[in-house]
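Everything on this sheet refers to the single structure shown next.
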Amino acid sequence: MQKFTTFLFAGIIFSLPFLFFSQSSLAAPPGESAPWHSSEIYEMYAEGTAGGHDHSGADHHDGDMSPLFFIILALFIGTATRHFLKKSPLPFTITLFVFGLLLGFASRFGIFGIIGFGSFRIDLGILAQSVNWAGNIDPHIILFVFLPALLFEAAFALDIHTFKKSVGNGFILAVPGIIVALVLTGATAMGIKGLGLGLHHWTWPVALLFGVIVCATDPVAVVSILKELGASKKLGTLIESESLLNDGTAIVIFMVLLLSITGAGSDTPVLLEFIKVALGGTFIGILIGIIVINWVKRVFNDALFEITVIIGAAYLSFFVAEGFFHVSGILAVVAFGVIMAGAGRTRISPEVGHFLHEFWELAAFIANTLIFLIVGVVIARSITFAPSDLLILLILYFATIIIRALVITGFYPLMARVGYGLSKKDGVVVWWGGLRGAISLALALIVASEMSIAENIRNEILSLTAGMVILYSLVNATTIKTLVEKLGLTRVGSAKLAMVESAKRYIHRSTENAIEKLKEDRFMSGANWNAVKEYLPEKPDDQEAEDEQKELQLEAISETRKRLLQKEKASYWRQFSEGLLGPAAVQQLSDDIDVLLDAGGNISLSQRKDLEQFWKTPRYMNIMQSIPVVGRIAERFFFERLAVSYDSARGFVTAQEEVEKLVASLHMSVSSDAGDDSKEARNLTIIEDEIAENRIQGLTFLRNLKEAFPEIYNAIETRQAIRSTLNHQRNTVKRLLKGGRIEPDEAAKMLGGIEAQMKSLIDRPPQYKAPEAMKMLNEAEWLKGLEPEVFNKVVASFTTRVFSVGEKLSKQDKSGEGLFVILRGNVIVEMGNSVIDILGPGTVIGEMAPLMGVSRTATVTAEQPVTALKLPVKMMEKLMKESPELELRLWKIAGSRFVENYLAKMEPYNKWRRNKLKKWISTGEVIFPGDEESVTIKDKTGILMQGHVYVTSREKPIDAPAMLYAPVVKVKDHAKIYICPPYQDKEGRKDSGATETNQ
């Protein structure tokens, strides 16, 4: 009931602009403008309309219902055509165009009147008035009412991934391609004039204007045929991409030329005007799309609201672009549609998304029905076609065919390298499938309504355009199916065919089993089962299937992979519809599937982008962290990326488990039919291994994330649990309603409460709390026992930094920025090409360089996303001056690490295990002897870290860093010495680890 109500309401909303135009714009008395005209273009339209149409059909009385009757009549003609003539070779839109011509000619020759059979009379006056209204309609209604619906529906239905890869070639055909085509078409028209065959009053501007009109392509018929034949989606998307961009380009050039011909153009150079109008329209469409997306995502499962806003925004983008900023409304609508098809798809409520597509299909059907019927009526009532015009029409038709071939051939080397490329066979279809349709007719009608252009020129443009549309429809549209089949673009691969045949055999067996169960039903025991078996699906020939199996090689596993990728993608969108997968995650995972599908199933299912790529943040975000205010935003962005990474990984694992079950069932079926050693069984084993590898990768990622960021993991698990609980409640209510245990109004109330909770969960999901820096610093050994004043100063001096995977905290031989305390995550410490350590939370790094005044001794890299506290060098030096105890503790940390790195290069320590060396060094201490003070080393191990010392056996001082072998040394320049006690092995034997030299 809600669906019906929403459709009805949305249909009324869709009809409002049409009714507004039909009653207000068309009812303007002769000599006056239309009710509103905010742009120069529209002012020109209004003036042309005021002087160019007889509105008598609309001025009979204030309550004229003939427009409404024509709309009703048109809808029934459209549905009857779709139902009774669906097998007709003519495209649906051209069939309607023919019906429009018939209605127009009938009105023109006065056939509609009073029909009598004896005393019985039927007054067809309202039919005559309705057709008369359509024949005098303002042609700009097609642009302002019908085109936004048609363009938005086409853009909204696009597969964005395929569109992104096809838009390059579409742009080539729609911008430079159409410019070349219109110039050559204009030259052809002027050639006809030069040969004296006709078009005697045409000038170059008029010829170029005509070239623009007949170069605008219409993809509706061709794309529908390609879909029917099962041809490549890439080819259909390329044709639609060209048409969407072509429409915008054609209308922009058309407006510039028409304004210059009528003398209403601006002084701006043509090229700059074109760029301004095109880019301005695109920008407005994108801007409105962003606003709508951010509005719609705040609403949950409200079909009336979401559909109404999107309908209004589609028309608003057109009107704002044309009326307020004087730029391309067509490109604004296309840009808005593409934005909604991409980012907007995951912001529309899942339960509304499918319904929204259905509505726009209905809107496009209504718009196409009305536009082609009305155009047919208008042309039939106003066309003047002399026999000599037939020759001109045929010349122009064949010329445009040749010109399009030249354009595609000329740009083919470039198109073959852009996006998906363009094969020669696809190029032939693009060439032959460049039909002319609604845009061409609408632009021709606008010219026909422009009184400043000579009447004979207007009539010639309208007649020739209508003839071109009909010829392309009668010739190209009816033969495109044969062409596609002859080129082999619909040929089904042997592997795909085998899978289809296998599915048919399964359906046949399943149906036979179902019939056997039905025989046991006491209410069907008397049925004629022989008659029932006639409805069994056709069983494929087993012998033929065996012959085909011998031909299958790599294609079989490729086709299976493609089917499983589609299943995986469907799993992601199902999880999204159930609220178990977020918008960013489903978009990212779906895009990854599209990339694999582009490979045609020829690469392993496990060759995915590493999930840990989600942990990496853009470089500019890392730079932003150093900016005080903006740094908070950058940090928030980092953690949101982590949340998306968990969301993606969990959804990834769930999808792999679903696909794994499907493969297992296929494996069982194949093994029972063909055996475990069959080619199919071996292929499925390979695929099972690929899926298992994916699942292990996802689970490993989740485990690592849980260890590194447990608060994020727990917050999202809580969100999942809440949403699953609410899903269960909603399904239970629906089940109770279906079982008649509750009334519809009670169910609606319950569902409303549950969906309100779902919306609240989306708006305010469970929050995660980052680990508190104060708690970590309180537990740090090097800060314990400090005076409260010093401790508080240290804590206040730290700033939080986050580092993505692979980001460097410090680089070897580079100057240091300060000291870091790892809050969470792990870092890898490398010297040269060797990994010397892996450090985790609580570790202090980077203290050595500022203490000793040297460059970084090692490179520290984030192995996982890392959150760290940073103490800048200057602040560190200031704090050490204020607190000698803090300096001593930092030297203890730095000293042990410095000594470890220093001794690890010397005999015999370089032969020790690293843990043994580290454990021994940890028993030592840093000493700060006074100037000229003597230090006794004896049997201990001393390492001079900073400053100088003297020994009695040599005159020159010993400079840091150095091993101290002498039993006694005298300190100079406040040296820093690290003293290690003698090493004792397990048996208690002492060993200093070094022998005295001539020091």
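The values are calculated or read from the model by the stated rules, or taken from the named source; none is laboratory data. Nothing here was measured: the structure is a model prediction, and the numbers come from that model. Positions of Cβ are backbone-derived with ideal geometry, glycine not excepted, and every protein chain shown enters the neighbour counts. Calculation scope for accessible area: heavy atoms of the full protein, side chains included, ligands and nucleic acids excluded. Shrake-Rupley method; radii C 1.70, N 1.55, O 1.52, S 1.80 Å.
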Answer residue from the range 332-347, given it is open to solvent by 20 Å² or more (accessible area, probe 1.4 Å) and out of contact with any Phe, Trp or Tyr (no Cβ under 8 Å at 6 or more places or on another chain) and is modelled with the highest pLDDT among those: ILE339
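For every residue, the table says whether it meets (1) farther than 23 Å from ARG824 by Cβ; (2) assigned to a helix (DSSP H, G or I).
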position	(1), (2)
LYS870	no, no
LEU879	yes, yes
GLY895	yes, yes
MET906	yes, no
Test for PRO89: is it under 27 Å from GLY329 (Cβ atoms), not small (Gly, Ala, Ser) and not assigned by the TED database to the domain that holds SER224: no
Qualifying position, being part of a helix (DSSP H, G or I), touching a helix residue (DSSP H, G or I) at 6+ places or on another chain (Cβ under 9 Å) and closer than 22 Å to SER449 by Cβ, among LEU373, LEU356, LEU331: LEU373
Residue check, ARG856 of a type in the set (D, E, K, R) and either open to solvent by 40 Å² or more (accessible area, probe 1.4 Å) or more than 41 Å from the chain's Cα centre (by Cα) (or both): yes
The range 348-375, subset aromatic (Phe, Trp, Tyr) and open to solvent by 10 Å² or more (accessible area, probe 1.4 Å), residue nearest to GLY289 (Cα to Cα): PHE355
Elements of type helices (runs of 4 or more DSSP H) contained in the range 205-321, each with 3 or more residues being at pLDDT 85 or above and open to solvent by 40 Å² or more (accessible area, probe 1.4 Å): 270-296, 303-319
Residues of the range 860-888 classified as open to solvent by less than 60 Å² (accessible area, probe 1.4 Å) and out of contact with any Gly (no Cβ under 9 Å at 6 or more places or on another chain), total: 6
Of all residues in the range 482-496 being part of a helix (DSSP H, G or I) and at pLDDT below 65, the one that is surrounded by the most Cβ atoms within 10 Å (Cβ to Cβ): ALA495
LEU147 being at pLDDT 85 or above and not β-branched (Val, Ile, Thr): no
Test: residue in the range 447-456 that is open to solvent by 10 Å² or more (accessible area, probe 1.4 Å), within 22 Å of ASN368 (Cβ to Cβ) and in a helix (DSSP H, G or I): yes
